[in-house]
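Where a number appears in this text, it was derived from the coordinates with a stated rule and is not lab data. All figures in this text were calculated on a predicted structure; none of them were measured in a lab. Backbone-built Cβ (ideal geometry, glycine too); neighbour counts: all protein chains shown.
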Amino acid sequence: GAVVSQHPSWVICKSGTSVKIECRSLDFQATTMFWYRQFPKQSLMLMATSNEGSKATYEQGVEKDKFLINHASLTLSTLTVTSAHPEDSSFYICSASTIAGGGHGQFFGPGTRLTVL
Amino acid sequence: DAKTTQPPSMDCAEGRAANLPCNHSTISGNEYVYWYRQIHSQGPQYIIHGLKNNETNEMASLIITEDRKSSTLILPHATLRDTAVYYCIARPLNDYKLSFGAGTTVTVRA
């Protein structure tokens with residue numbers, strides 16, 4: 001089956017530093033990748049939609065200058081949280097879509113837990 | 001995407017069937033019903049989807065009412081590992097952008 005990985009699985013950083021999270025589709029090429037954020041005891045909230053080779057589309061209320069998304073290839077998208085602050089501490093999840101996904105076409109990564117001190 | 005409504009929580013006994021309801025009264029003709037689940041601190045996992053016919057796979061069955069305004073996900077023999085938050089989402093087939101609601105927290109008890 002289609003596999004999506006994320007790296008790192010968890011990260012702790014100091015306030016003011018930047019953190020990069022990678023999302024990779026391991027055995028398929030993803031036409032689109034999505035980034036979600038999930039705070040404790042809340043549901044997933046879509047942050048942005050990322051297409052290879054083009055600028056990401058951000059959801060309303062998500063700061064594009066703070067959450068930089070790069071989608072350089074059909075198998076890799078990165079999310080950089082710039083100048084992270086404690087309120088950015090969250091569980092970040094990516095997903096990758098492919099028309100070859102057996103009908104549902106959407107595969108999620110295992111998530112990255114970010115803690116900003 | 002059509003709005004979906006699910007009960008916030010439910011318990012079920014291990015080994016018994018778990019029936020999870022979902023209301024989607026404003027679903028459009030081109031929208032499928034998708035079910036995902038999220039086990040604690042993991043990414044969501046696809047379970048099943050359907051348009052109007054009932055569907056079954058190795059994980060679950062999906063029963064969609066004839067008017068398509070509601071559906072039920074059935075886990076035939078719940079195990080402790082089925083404890084998770086279950087999300088019902090209505091979306092067109094080729095629109096992979098998902099809007100997650102609050103879902104149903106299912107707790108399977110021994």
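One table, with the values for the structure above:
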quantity	calculated
Cα-based convex hull, the protein assembly as shown, per residue volume (Å³, whole number)	119
In Å, descending, principal axis extents of the Cα set of region A:75-117	42, 15, 11
Simple label model, 7 Å out from Cα along Cβ direction - A:E63 to A:H85, nm	0.6
Sorted by Cβ density within 10 Å, fewest first, the residues A:S15, A:S43	A:S15, A:S43
Karplus-derived HN-Hα couplings along region B:30-38 (A = 6.51, B = -1.76, C = 1.60, θ = phi - 60°), whole Hz, x at Gly and Pro	9, 9, 8, 9, 10, 10, 10, 9, 10
Inter-label distance, nm, simple model (7 Å from Cα along the C-beta direction), B:T26/B:S41	3.7
Intensity falloff of chain A expressed as log10 I(q)/I(0), Debye formula with alpha-carbon point scatterers, at q = 0.18 Å⁻¹	-0.86
Cα convex hull volume per residue for region B:23-84 (Å³)	92
Furthest towards positive pole of dipole, A:A84, A:F34, A:V62, structure part chain A, Cβ charges	A:A84
Whole-number Å³ per residue for the convex hull built on Cα positions in chain B	91
Cα centroid of region B:2-65 to Cα centroid of region B:74-110, whole Å	5
